[in-house]
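Peer 1: My questions will all concern the structure given below.
The values are calculated or read from the model by the stated rules, or taken from the named source; none is laboratory data. Treat the numbers as computed from the prediction; the structure is a model and nothing was measured. Here the Cβ positions follow ideal geometry from the backbone for every residue, glycine too, while neighbour counts run over all protein chains shown. Accessible surface is based on the protein model in full, side chains and every heavy atom, while ligands, DNA and RNA are left aside. Shrake-Rupley method; radii C 1.70, N 1.55, O 1.52, S 1.80 Å.
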Amino acid sequence: MVKRLQFVLLLLLLPFVGWAQQPDTTRPAPLPDSVRQVQLDNVDVAPGAIDTKGWLLMDKDIQTELEGAVFNLYNFKYDKAERQFRSLRRRYPNHPMPYFLMGLSTWWKIMPSGIQTTQYDKLFFAYMDTAITKGEELYKADNKNYEACFFLAAGYGFDARLHAERHDWRKATVGAKRSLDYLDKSKEANGLSPEFLFGQALFNYYAVWIPDNYPLLKPVLLFFPKGNKQLGLQQLRNVADNGFYVGPEARVFLMRILMNEEDKPEQAMPIARYLATTYPDNGYLQRIYANACFRQGEFRECERVSRDILEKLNQGLPGYEANSGRYATYFLGYLMQNKYKDFTKAKEYYQRCIVFAETNGETKYGFYVFANLALARLADRGKDVAAARRYYSVVLDKSDHDSEQYKEAKAYLKTKRK
């Protein structure tokens, strides 16, 4: 377990990486001896006389041209976004940016499933490999090309992230180390643009948060410099407000950090609402917003968004699949049960939630367990002992032994023996 968490620590400190890790029992190989301490400063570095000629990240005309493409990417209009990225590739075939953007679009095709789908893996790795190759060529030609370092850090980071999800620990470890190396090299450009600051912001935050929450990992921090959580959040807000290419990614990270790591859903709510209204066809952002509304007691809005999710899922819109359905049906089941007292509809939604969870393989925790728990209670309320036993048995099998739902299921099954 400790070795797995050590590896997760390394991956979480990558630029563009930090999505919540799913529980897993696979143990990775130990970190290689070659992993050295990466020296990253905790302050923005004032740029010196850096020649940015030819840097597409700094080109305002390119930003204007790609503004619609970036919007389409995050609004899950993949075809429209990729059409513009391919146009950029035709004009700049030797630059990593178009290949990286095509890879990022492919990444967001994987994201809605909770990284479960593998159908885009080969295409994703191909785009990131090409972005890395093009970036390395630029860096070899000029080791002060910090734009190349940016794309190399991001490309290797994304590559490592997906290899880790697929349990290819050797490739993930190599990619993680290389990403951190280039993040270190690109720090000299932090003051040039908020794009360069993103990786530093994540590093600063997670370098403190992870050892605070996993004390056993403190020895691993010998490989890393000290972080600064508050500075990391400040930098992340800066990138979210001012970044062009990574601004939306920064907002997503900031929302998730405030909601999950910081447990401040009231602060995450404005960001979640902004993202959901700005990108109304992004199924991932819609379900996160529905979750934020649910946690904050904004049930009318939660119901509206949940129904919208199911409607778009039925229409077959890109990015709306079992994972989004799992969220929406659980929220609607809860509202039918507790707000409208319509127990028949509540049962239907809870049962659909269970089907969605089983379809997506999300049966070890979360909505799957609580949907079964709700159905068990409703069955007990209706004097249907056989159904209650069936649902409570699932709760008992899938819940942590210290949880209240486990104790409830165990007590019921003990008193209702056949």
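Peer 1: Could you tell me which residue out of 57, 328, 394 lies farthest along the dipole of the chain toward its positive end? Charges go on the beta carbon: Lys and Arg +1, Asp and Glu -1, centred on the Cα centre.
Peer 2: 394
Peer 1: Please report, in cubic angstrom per residue, the volume enclosed by the convex hull of the alpha-carbon atoms of the range 232-278.
Peer 2: Numbers: hull volume 2.9 nm³, N = 47.
It is 62 Å³ per residue.
Peer 1: How compact and how long is the range 60-184, expressed as Rg and Dmax of its alpha-carbon atoms in Å?
Peer 2: 14.4, 41
Peer 1: Still on this structure, I have one more. Here are some pairs, 347/414; 53/171; 341/416; which of them have Cα atoms lying more than 32 Å apart in this structure?
Peer 2: Details: 347/414 24 Å; 53/171 34 Å; 341/416 26 Å.
Long pairs (Cα-Cα over 32 Å): 53/171.
Peer 1: Continuing with this model, one more query. Quick one: pull the percentage of alpha-carbon pairs in the range 330-394 with a separation above 17 Å.
Peer 2: Numbers: 725 of 2080 pairs.
Tail of the P(r) past 17 Å holds 35 percent of the pairs.
Peer 1: Next up: Could you rank 347, 109, 144 by how accessible they are, 1.4 Å probe, largest area first? Show your work: numbers first, answer last.
Peer 2: Values: 347 85, 109 45, 144 105 Å².
So, going from the largest accessible area down, we get 144, 347, 109.
Peer 1: Semi-axes, largest first, in whole Å: what does sqrt of 5 times each Cα gyration tensor eigenvalue give for the range 272-337?
Peer 2: On the way: eigenvalues 57, 41, 14 Å².
With the √(5λ) rule applied to the range 272-337, the semi-axes are 17, 14, 8 Å.
Peer 1: Another question, then. Under 10 Å, Cα contacts only: if you run a Gaussian network model on the chain, which one of 273, 90, 295 comes out with the highest mean-square fluctuation?
Peer 2: Top of the fluctuation ranking is 90.
Peer 1: Still on this structure, please answer the following. For the range 95-139, what is one quarter of the convex hull surface built on the Cα atoms, given in nm²? Don't jump to the answer; show the numbers that get you there.
Peer 2: Details: hull surface 11.4 nm².
Result: 2.8 nm².
Peer 1: Further question on the same structure: For the range 116-164, what does the equivalent ellipsoid look like in terms of its semi-axes, each the square root of 5 times an eigenvalue of the Cα gyration tensor, given largest first in whole Å? Before the final figure, lay out each step's value.
Peer 2: Values: eigenvalues 116, 20, 7 Å².
They are 24, 10, 6 Å, listed from largest to smallest.
Peer 1: Go ahead and estimate [θ] at 222 nm for the chain from helices alone: -39,500 (n - 2.57) per DSSP H run with n ≥ 4, summed, over the residue count, rounded to 500. Don't skip to the answer; put the middle values down first.
Peer 2: Numbers: 18 runs with 278 residues, N = 418.
Rounded to the nearest 500, it is -22000 deg cm²/dmol.
Peer 1: On alpha-carbon atoms, Rg over Rh for the chain using Kirkwood Rh? Walk me through the numbers on the way to the answer.
Peer 2: Numbers: Rg = 22.9 Å, Rh = 22.8 Å.
A ratio of 1.00.
Peer 1: Shifting gears a bit: Dimensions of the range 184-340 along principal axes (Cα, Å, largest first)?
Peer 2: 54, 36, 24
Peer 1: What is the range 117-227 by shape, rounded, prolate or oblate, if you read a ≥ b ≥ c off the alpha carbon gyration tensor as root eigenvalues and call it rounded for a/c under 1.5, prolate for a/b larger than b/c, and oblate otherwise?
Peer 2: Values: a/c = 2.06, a/b = 1.13, b/c = 1.83.
Oblate.
Peer 1: From the square roots a ≥ b ≥ c of the eigenvalues of the alpha-carbon gyration tensor of the range 44-125, which class results: rounded (a/c under 1.5), prolate (a/b over b/c), or oblate?
Peer 2: Details: a/c = 2.06, a/b = 1.72, b/c = 1.20.
It is prolate, given that a/c is not under 1.5 and a/b is the larger ratio.
Peer 1: Right, here's the next one. With springs only between Cα atoms under 10 Å, which of 132, 50, 115 fluctuates most in a Gaussian network model of the chain?
Peer 2: 50
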